[in-house]
Amino acid sequence: MAILINYLNHTKKIAFLIAIITTSSLFTITYTKNLQNKVDDTINLLLEKQSIFDEQMYLLQRRYQLLRDIISVEDAFEKDELILEHAQLAARFMALRHNLEALPLSPEERRLLEQQIKSTRMGYNVQDDLINKSIEETRPEHYRELLNKVYPVTETVYASIHNYKKFMEKTTRDTISSAQLNYENGWHFIFTIYIFIVCAIIAIFIWAATKKKKYHLELEWKATHDNLTHLCNRGEFERILKNTIDYHDRNSVNSIIYIDLDEFKVVNDSCGHMAGDLLLKEVSNIIKSNVRTHDVVARLGGDEFGLLLMGCCQSEAVEVAELICKKVHEYGFVCEGNTYKISTSIGAMEIDDSTANINEILRRVDTVCYTAKTSGKNRVHAFSYDDESTIRRIDEIEQADNIRSALRENRFVLYRQRYKNLKPNLPPACEILVRMLDKSGKVILPDQFIPAATRFHLMHEIDKWVLINTLDYLSSFPDDNTIFNINLSNQMINDEECHDFIIKNIQDYDVDASRICFEITEDSAIANLDKTVDFMERLRQMGCGFALDDFGTGLSSFTYLQQLPVDALKIDGSFVINLSATSYEHTFIEAINSISKSLDIHIVAEWVESQEVLDQLVNLEVDYAQGHLIEYAEPLIPCTKQLRSTG
């Protein structure tokens, strides 16, 4: 948006300059045209005056010639004709003078015209006398005397006209020269305007390009740096890390460090977010001051930092990490008069040929950082292929990624394990189990992905998938009166949104709720007892049942039995697998069975794998038996069928 606004602003400026060019051009063209018209009018006026002067000079010469003829002619009739022609020429001369007076004249022109009029008037008087004497037949010597008088006067008039003509010619030349100069100056002016505006446009484009480049550099910086600490952000850190891996020199080593603040949440919650931001800035300064200028320091998110140490092996990276750990711990953050001791958990790892993937590198170094935190905080932990806890956590992280992928791609399958009724008149029942498929279709058992799903908070997503697809199956087979036992994780039980999700989908699928029994573990139930009881009561009102799974493993199993509205107890398999008539397990199950009967609760024994155990359970009057002796878990839908996804 900002780029568009800048572009529009530049466009406006350029359009303004173009408008100036256009206006200046029109002004100059109009000015020069008017100037040319003025010059043309002046020249036409001068030509008209010159024409008058030429004719007057001709008339003067002709009249003087007629005077000579009048004097020399003896025939009276011929003389009269010459006198008449002379008078007509005089009248024409006067008419031309009147025409000249009617034209626009400058002061100098009027002065010359007055001089011409005086000379002409004198000439007329002398010529009239000469003609009169000629008529009176004066003696010839008198003619010569009169002609001698007429000639100078005529020359004076002729000279005045000639001077007038020369003045007009000079005026014409000056006018044309002035007009030409003004014309050239006009085009020089517009050319100067053009040059100025072109330079202005070039300057605007240069300025705009410079500003655009600066703006792009600012955008690039903001896109690759953290606004708070001014360190590289996670995206830029991963880009540099990828380039380091892609162009790795086998003769050099590089290491990566992952830093996590231990007490950041305490400061953030106690002093507020502004104090938390200040703490992050100061910790980032401590980190930067203890690494080299060419090392890469980044804020990876929240209170986590990453370092890429160029040319450092793992032992050198550990030394740098321990120095940072020490410096941060020595630093006391003061807020509102209180001093908070800050510590860090740091993981360090060398980037070798076995880590060619940035996700794998970040996963490993994050894992060793987590190991440092779980080992007591304020310490550095280095990656080692012999560290079982680190390798196990790395496997869990990888498994968590696989779980997310399986959820997206719907790579889960429902299994069913039937119960054996050990008493008559009990409804058939089974437990719904889930398996994950890898991308090749191989079945992955729950003990391989449930721990990772629990650790990385993915169990509620798996529970939702199981619920949706079980409800879909129940709606497809409404005549089956089997009770389906569905496991719910602790994450599902303690999330009220998940409660609403369960209720809504049972209603949407319109299944008989009495066919559903939810299994919850004792630990999950007592983690938030009031919320769990409320949740159980809401579902029981719809007709659902509840079974308390793994019963007997808790320290207070019997204490909560009266508080939890359960319909069945599933005795943990550790009490069943080695059951005999004289064992402690026999006495324990007998006690549970006795209490359950008084509370009208059914008993289910897990892990039944031998006939001897099954016989003991019958003697103890247990209601249901479950285990490999009864049935191995089988796919709920034997044929290949695409199940529904919770998404």
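For this structure, a couple of remarks:
- Number of the exception - F237 against (1) open to solvent by less than 30 Å² (accessible area, probe 1.4 Å); (2) touching a His at 6+ places or on another chain (Cβ under 9 Å); (3) closer than 21 Å to A321 by Cα: (2)
- Applying the set (1) within 28 Å of R364 (Cα to Cα); (2) surrounded by fewer than 18 Cβ atoms within 10 Å (Cβ to Cβ); (3) touching an Asp or Glu at 6+ places or on another chain (Cβ under 6 Å) to K423 leaves exactly one unmet item: (1).
- Residues of the stretch 399-409 that turn out to be in contact (Cβ under 8 Å) with a residue 40 or more places away in the chain, open to solvent by 20 Å² or more (accessible area, probe 1.4 Å) and out of contact with any Asp or Glu (no Cβ under 9 Å at 6 or more places or on another chain), as a count: 2
- Against the criterion of being more than 35 Å from the chain's Cα centre (by Cα), in contact (Cβ under 8 Å) with a residue 40 or more places away in the chain, closer than 30 Å to Y247 by Cα and surrounded by 16 or more Cβ atoms within 10 Å (Cβ to Cβ), V368 qualifies.
- One residue stands out among those in the stretch 607-636 that are within 16 Å of K423 (Cα to Cα) and of a type in the set (D, E, K, R): the one that is least open to solvent (accessible area, probe 1.4 Å), which is D623.
- Across the stretch 423-435, the number of residues qualifying as at pLDDT below 95 and of a type in the set (A, V, I, L, M) comes to 1.
- Filtering the stretch 297-344 to residues that are assigned to a helix (DSSP H, G or I) and open to solvent by less than 20 Å² (accessible area, probe 1.4 Å) leaves A317, A321, I324, C325, V328.
- Within the stretch 222-234, the set of residues being surrounded by 12 or more Cβ atoms within 10 Å (Cβ to Cβ) and part of a helix (DSSP H, G or I) comprises T224, R234.
- If you check A513, A525, A568, A547 for being touching a Lys or Arg at 6+ places or on another chain (Cβ under 6 Å) and at negative phi, only one passes: A547.
- Count of residues meeting criterion [open to solvent by less than 50 Å² (accessible area, probe 1.4 Å), in a helix (DSSP H, G or I) and without any contact (Cβ under 8 Å) to a residue 40 or more places away in the chain] in the stretch 265-286: 2
- Within the stretch 317-332, residues that are free of Cβ contacts under 8 Å to residues at least 12 places away in the same chain and over 11 Å from N378 (Cα atoms) have Cβ atoms under 8 Å from residues that are of a type outside the set (V, I, T) and open to solvent by 70 Å² or more (accessible area, probe 1.4 Å) in these pairs: G332/K341, counting only partners at least 6 apart in sequence or on another chain.
The values are calculated or read from the model by the stated rules, or taken from the named source; none is laboratory data. None of the values given here were measured: they were computed from a predicted structure. Neighbour counts run over all protein chains shown; Cβ positions are idealised from the backbone, glycine included. When the accessible area is computed, the model is the full protein with side chains, heavy atoms only, and any ligands, DNA or RNA have been set aside. Shrake-Rupley method; radii C 1.70, N 1.55, O 1.52, S 1.80 Å.
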